[in-house]
Amino acid sequence: MRMFRLGLEGGKPAEGQVGAQPEWFYKGDGSIVVAPETAISVPAFAEDAGEEPELVGLYVNDANGQPHRIGYAVGNEFSDHITERANYLWLAHSKLRACSYGPELLIGELPQHLEGTSRITRDGQTLWEKPFLTGEANMAHSLANLEHHHFKYAQFRAPGDLHVHFFGTATLSFADQIKVQEGDRFEIELPAFGRALRNPVAFETQDNQAEQLSAMAVLAVPAPPPPPATPPVRIRSITTITRKGLRHDTLDPPRHRLTHHRRPCQSAAGRPRTRRHLADLRACASGHRLTAPGRRTLRRTSGQGTQ
């Protein structure tokens, strides 16, 4: 009721002004649209299958993302009113159902006041019937205000997209405790639009739902291809400097030998021998081996023998 009052008080602003934001929801994509005279499918998990006779606006975005109104049509928004009544946060869930509009398209100016009839037939007989009102004179919001608050979102202005906007209703068979059955038919007509919109009702079974869930359960994501083979990395040698000298450890025994120098950087008297220490470092780093601590004779160890 609060949202309805917001629309009554600010839903029809002066020209060039922005009015109150309307209450609306996402119905679905184009896959839920059912052609006139085609059965509206009711999911097996649904609690209710109720018609909603409404006026529909159809829009298309041009290559620059500018919306253009194509025209108007009669629509059956169709909803699950038991789910909606159980929890107001389930309103969005209750609207994720099929819908239909047509078969006529009204191009040009829309009459301010429109009167129509909504009915349900069973076995060729009228089960329920009521008149409904629509048109801007009978709405809480102006069409301009509804269109502004719809297309102000950039994702609704994608070039080439077609939009179908249901403008609401106040007439429901659900309010009169009507519960439709398999084969019942909805009929919604507005004389100003020509032919009536008619759709029979078809209920899905639990078996159909189980098949859908089973198909989802067996869906497998293919394993990614193995990475390309790369040659293994061989560490040829590790050189460390310790307090007792230079250690040159090799990981390839057939080609290298282990040499350990206790104190190559000091003389017998404990004085530093800087040049000799640097020579020892160069010798070990270049693959040479010192024959003994304190000697300058160098020998290279290779896979071909000793030089």
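Per residue, the solvent-accessible area of the range 72-171 (1.4 Å probe, heavy atoms of protein chains only, all protein chains present) comes to 50 Å².
Whole-percent P(r), the range 92-148, all Cα pairs, 5 Å bins from 0: 4, 12, 13, 20, 25, 16, 7, 3, 1.
Across the accessible surface of the range 73-118, with the other protein chains kept in place and a 1.4 Å probe, carbon and sulfur atoms take up 57 percent. Semi-axis lengths, largest first, of the ellipsoid equivalent to the range 81-178 are 27, 20, 15 Å, with √(5λ) applied to each eigenvalue of the Cα gyration tensor. Normalised by the number of residues in the range 32-174, the mean separation of alpha-carbon contacts (under 8 Å, six or more apart) gives a relative contact order of 32 percent. Ranked by the mean number of other Cβ atoms within 10 Å of their residues, highest first, the peptides 91-99, 31-39 fall in the order 91-99, 31-39. Straight-line cross-link reach from K179 at under 18 Å between alpha-carbon atoms covers these aspartates and glutamates, not counting any fewer than eight positions away in the same chain: E47, D48, E51, E52, E77, D80, E84, D123, E129, E187, E204.
Here the accessible area of the range 120-172 is 52 percent carbon and sulfur, with a 1.4 angstrom probe and all protein chains present.
For the pair V221 and R5 in one chain, pulling the backbone fully straight at 0.36 nm per residue adds 72.7 nm over the alpha carbon distance.
Sorting the segments 151-161, 106-116 by their mean number of nearby beta carbons within 10 angstrom, highest to lowest, gives 106-116, 151-161. Taking every alpha-carbon pair within the range 4-122, the share separated by more than 17 Å comes to 69 percent.
The values are calculated or read from the model by the stated rules, or taken from the named source; none is laboratory data. Here the structure is a predicted model, which means the values were calculated and not measured. Here the Cβ is made from the backbone with ideal geometry for all residues, glycine too, and neighbour counts use every protein chain on show. These accessible areas exclude ligands, DNA and RNA; they are computed on the full protein's heavy atoms, side chains included. Shrake-Rupley method; radii C 1.70, N 1.55, O 1.52, S 1.80 Å.
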